[in-house]
Amino acid sequence: MSFDLVFFGGTGDLTWRKLMPALFQAYRHGKLPGGGRILAVARDEQSDEKYRAWLKDRFQDVEGAKRPSDEEFERFAAQVFYRRMDLSQGEHYAKLKEWLATREGGPADTVVFYLATSPHLFTQVCEQLGAAGLNHPKVRVVLEKPLGHDLASSQHINRVVRSVFEEQQAFRIDHYLGKPSVQNLMALRFGNAFFEPLWRRESIANIQITLAESLGVGTRGPFYDGTGALRDMIQNHALQLLTMLAMEPPATNDADAIRDEKLKVLRALKPFTPESVARDVVRGQYRAGNVNGQAVPGYLEEQKVPAESRCETFVALRTEIQNWRWAGVPFYLRTGKRLAARDAQIVVNFRQVPHAIFPGPQRANRLIIKLQPEDGLELELLAAKGGAHGEALAPVKLDLDFDKAFSGSARVGAYERLLLDAIAGKLNLFVRSDEQEQAWRWVEPILHAWSTSTEPPRPYNAGSWGPAAASAMVARDGFTWPEEV
């Protein structure tokens, strides 16, 4: 299958840090379809050769094992081209159309436009693509998050996209859905007989989703201050994980069958009120502290962050899903910057046995789904060390490291998987517009409550696990976060 993949924002951080390295890994693994061209588009005036040299320099910052040799890069770069474009000028899209038509063997089977630009350009680029006739059935458009900053702006972007492209041509990307461990949520639940009967309120006490970062905002202060942790991580990544955990079994592995079930979960989430926001949502902002033995500044001391900013860098919340499977089971979501560790995981806490016959405390079973830095599953059970009658039980772990378990095959990274799926036209791991809008609809009461509140975010020291109020929120229900067990 021949393809043309066009990156709008071809000199931006996302393209050279994530997208180009992911494409190179697909090329190295032999998964990138032959007959493909990769076109970077940006405002700078430069030749194909100059862009390739620039890209090669950037590849030196790629993690060692994923860095290409000179020979590998030369072979990969033969597929990479560059064009200067002003995205506001219609004639530049006409010239892009001409370039796409000039390839040996005729037009590509598939054309993918990846909008790795500032979100405020999404509608403009889509409208210009439509005006240039670059919205024919062979075209797909990939939209990076964030898609809007609230429900109204999200709906506006989706209206414009739908006026130019069919829904099946729009690939709204959430890179967490491309992580192997997240893809394995489907396999875990619907490919095995022993989890699904337990995957309900009768057996599960609570579910906790943690997306923690040890880094601060760095040089992204202006962007982050207008976004915050709720928009940056909860509205998309965390809610997508929640839907995959809580959805009913789809009838098929078809994209719309899966996304229909995810949408039902979002619609069943208990809506927030001003009272429940005050009780069940904790927002925080990091202060100076120590991370990995190094002193780091507080959020208000970061570059280009307003001195009086009330932007949240931490969110923890409690919610419930109002349906028969999950009624009464609390779901806890938290995310933050400058926390004690870079750690993304899902913890499924099962209920205690109904009657204890062994001495000592009875610790409930836990299933830990690791997303990063490692990728795997850990099941915590109880066993008697010596097998003697009446002996107190001790926790043991069944630990599956996916990298070790599948060491004989090339592990596919998140962006690599999603780029290959976009080229192939597979929508399973992309977000549909109604899903995205429902997620905004659910978080909007939180945003509104914060905008009308006089209370600032709760401070927490960099290198901690966030404000103490987040632990207190979970403790009200008689539970603890994983690091407090």
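The values are calculated or read from the model by the stated rules, or taken from the named source; none is laboratory data. Just so it is clear, the model here is predicted, and its values are computed rather than measured. With ideal geometry, Cβ positions are generated from the backbone for all residues, glycine too; neighbour counts draw on all protein chains shown. Areas reflect the complete protein model, heavy atoms only, side chains present, ligands, DNA and RNA absent. Shrake-Rupley method; radii C 1.70, N 1.55, O 1.52, S 1.80 Å.
Looking across the range 207-232, the residues that are in contact with a helix residue (DSSP H, G or I) (Cβ under 8 Å, 6 or more places away or on another chain) and within 20 Å of Val348 (Cβ to Cβ) come down to Ile207, Gln208, Ile209, Thr210, Leu211. Checking each residue of the range 77-89 against the condition of being outside any loop (DSSP other than H, G, I, E, B), in contact with an Asp or Glu (Cβ under 8 Å, 6 or more places away or on another chain), within 21 Å of Leu419 (Cβ to Cβ) and not hydroxyl-bearing (Ser, Thr, Tyr) gives at least one match. Please go through the range 358-386 and give me each residue that is open to solvent by 60 Å² or more (accessible area, probe 1.4 Å) and among the small types (Gly, Ala, Ser), ordered by number. The one that is open to solvent by 60 Å² or more (accessible area, probe 1.4 Å) and among the small types (Gly, Ala, Ser): Gly386. With respect to the conditions (1) open to solvent by 20 Å² or more (accessible area, probe 1.4 Å); (2) farther than 22 Å from Asp44 by Cβ; (3) modelled with pLDDT of 95 or more; (4) not in a loop (DSSP other than H, G, I, E, B), Val160 falls short on a single one, namely (1).
Answer yes or no as to whether Arg103 is closer than 29 Å to Arg172 by Cα, in a strand (DSSP E or B) and open to solvent by 20 Å² or more (accessible area, probe 1.4 Å).
Values: closer than 29 Å to Arg172 by Cα: yes; in a strand (DSSP E or B): no; open to solvent by 20 Å² or more (accessible area, probe 1.4 Å): yes.
No: the conditions fail for Arg103.
The residue list Gln168, Gln235, Gln155 contains one member that is touching a helix residue (DSSP H, G or I) at 6+ places or on another chain (Cβ under 8 Å) and closer than 30 Å to Ala132 by Cα, which is Gln155.
For the range 20-75, which positions are surrounded by fewer than 18 Cβ atoms within 10 Å (Cβ to Cβ) and of a type in the set (Ser, Thr, Tyr)? Selection gives Ser47, Ser69.
If you check Ala327, Ala288, Ala278 for being open to solvent by 10 Å² or more (accessible area, probe 1.4 Å), at pLDDT 95 or above and over 23 Å from Trp465 (Cα atoms), only one passes: Ala327.
When Leu134 is tested against (1) touching a strand residue (DSSP E or B) at 6+ places or on another chain (Cβ under 8 Å); (2) modelled with pLDDT of 95 or more; (3) in a helix (DSSP H, G or I); (4) among the aliphatic types (A, V, I, L, M), exactly one condition is not met: (3).
Residues that are touching a Ser or Thr at 6+ places or on another chain (Cβ under 9 Å) and part of a loop (DSSP other than H, G, I, E, B) within the range 275-301 comprise just one, Asn292.
Do we have Ala340 as modelled with pLDDT of 95 or more and more than 30 Å from Glu261 (Cα to Cα) here? Criteria met by Ala340.
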